[in-house]
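Here's the structure we're looking at; comments come further down.
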Amino acid sequence: MPTTSPVPDVPLVVVGSANVDLVVRVERRPLPGETVRGGDLAVHPGGKGANQAVAAARLGGRVTLLAQIGDDPHGELITRALRDADVDFPELPHRDRPTGTAMIVVGPEGDNSIVVSPGANARLSPRDIAEHRERLFAARVLSLQLEIPLATVTAAVRAAGPGTRVVLNPSPPADLPTEVLTRCDPLVLNQHEARYLSGSDATPEAAAEALLTRGPRSVVITLGAEGALVAEGDGTITRVPGVRVPVVDTTGAGDAFTAALAWRLSEGEGIVAAVRYAVRIGAEAVSATGAQSLSPRGRAIAAAGADGS
């Protein structure tokens, strides 16, 4: 009698971007046509997909990342960072594009402005997704962002199994197909993205309610220092308070939040409890420099468990 190969246990698959971040701190941002003096250039691995994969792995998750990098020194830097974090990174064929790059200017309060050059991220294709369809079908959670082609995001959602929970951060914001929106559980946005996609400038609660009518099974809106809002499909809305910490660099804080949320969901935790944990991790991420940094206290929270005790 023929035997059937067991379906692999794949807790969390991230499909997304991998960039190198070029970071300069300034006392103030330049006006159009103006030059200002900045600090030393810092080079960090980044990209929303890689950020989320590394953060989830450092928090204790078993993570696979599907991403495209260039055959260049920046790609080598990203690969080392992923390997060091124990992220499963099946290298896809290199394309004739450089590794994606983000140019980040960090102000004195830790806030940032970012310009992204997609590079190889633009070549992550539905064909790449098809090559790893089994992983996606078996995943407990699939985490996605929009720094890769929308057609690839759609292909990944189509490849996800019926039991796979899809977590999507629509950043940078774009109009999403109905078949993608209806699989999101949750759709994770910041307030700017929520206003863009909902068309509502009212309260976060109103934006969440408007977004739910578009089809997501749940919505999470991050509120910066104020925490986050959870809107579930049954209409329940919960505010999760924020955690006050000294702000050093906000780069990657949203990715740390989404990574923590996706990891806890892959462990079977309820969405409100997962968001409470993610708020703590997101807050701690701003107290260290670099998009893939997690402070010692953040690591302690991860080790202590979801309640942070």
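Readers should treat all values here as calculations from the given coordinates under stated rules, not as data from a laboratory. Treat the numbers as computed from the prediction; the structure is a model and nothing was measured. Ideal geometry is used to build each Cβ from the backbone, glycine not excepted, and the neighbour counts take in all protein chains shown.
How much length, in nm to one decimal, is gained on full extension between E91 and A151, taken as 0.36 nm per residue of separation minus their Cα-Cα distance? List each step's numbers first, then the result.
Values: separation 60, 0.36 × 60 = 21.60 nm, distance 2.02 nm.
Gain on extension, E91 to A151, equals 19.6 nm.
Taking 7 Å steps out from each Cα toward its Cβ at D9 and V24 produces label points 4.9 nm apart.
Output the peptides 121-133, 159-171 sorted from most to least packed, where packing is the average of other Cβ atoms within 10 Å over each peptide's residues. Before the final figure, lay out each step's value.
Values: 121-133: 18.7, 159-171: 20.2.
Result, highest mean Cβ count within 10 Å first: 159-171, 121-133.
Can you tell me the dipole magnitude for the chain around its Cα centre, using point charges on the Cβ only (Lys, Arg +1; Asp, Glu -1), in Debye to the nearest 20?
Details: 29 positive and 35 negative charges, 46 e Å.
The calculation lands at about 220 debye.
Counting only DSSP beta bridges whose two residues both lie in segment 76-222, roughly 35 percent are antiparallel. Just so you know, the Cα atoms of segment 24-102 work out to an Rg and Dmax of 15.7, 47 Å. What net charge do the residues around A202 carry, taking every other residue with its C-beta under 12 Å from that of A202, with Lys and Arg at +1 and Asp and Glu at -1? Around A202, the charge tally is -2.
With a simple spin-label model that places each label point 7 Å from the Cα along the Cα-to-Cβ direction, the separation between R158 and R80 comes to 3.9 nm. The order of the peptides 272-281, 16-25 by mean Cβ neighbours within 10 Å, most packed first, is 16-25, 272-281.
Given a Förster distance of 41 angstrom, what is the FRET efficiency for A273 paired with R127, based on the Cβ-Cβ distance and rounded to 0.05? List each step's numbers first, then the result.
On the way: r = 38 Å, r/R0 = 0.92.
After rounding, the FRET efficiency stands at 0.60.
Report note on the peptides 206-219, 230-243: ranked by the mean count of other C-beta atoms within 10 Å, highest first, their order is 206-219, 230-243.
How much of the DSSP bridge set in the chain is antiparallel, in percent, rounded to the nearest 5? Among the beta bridges of the chain, antiparallel pairing accounts for roughly 45 percent. The antiparallel fraction among DSSP beta bridges confined to segment 1-115 stands at about 45%.
Using the Cβ of P11 as centre and a radius below 10 Å, the other residues enclosed give a net charge of 0, where K and R count +1 and D and E count -1.
When S266, S117, S198 are arranged by Cβ crowding within 10 Å, least crowded first, meaning fewest neighbours, the order is S117, S198, S266.
Compute the signed sum of charges (Lys and Arg +1, Asp and Glu -1) over the other residues within less than 11 Å, Cβ to Cβ, of R83. Don't skip to the end; give the middle numbers.
Working: positive: R80; negative: E76, D84, D86, D88, E91.
That sum, taken over residues with Cβ under 11 Å, equals -4.
At an R0 of 35 angstrom, the distance between the Cβ atoms of T182 and I114 translates into a FRET efficiency of 0.70.
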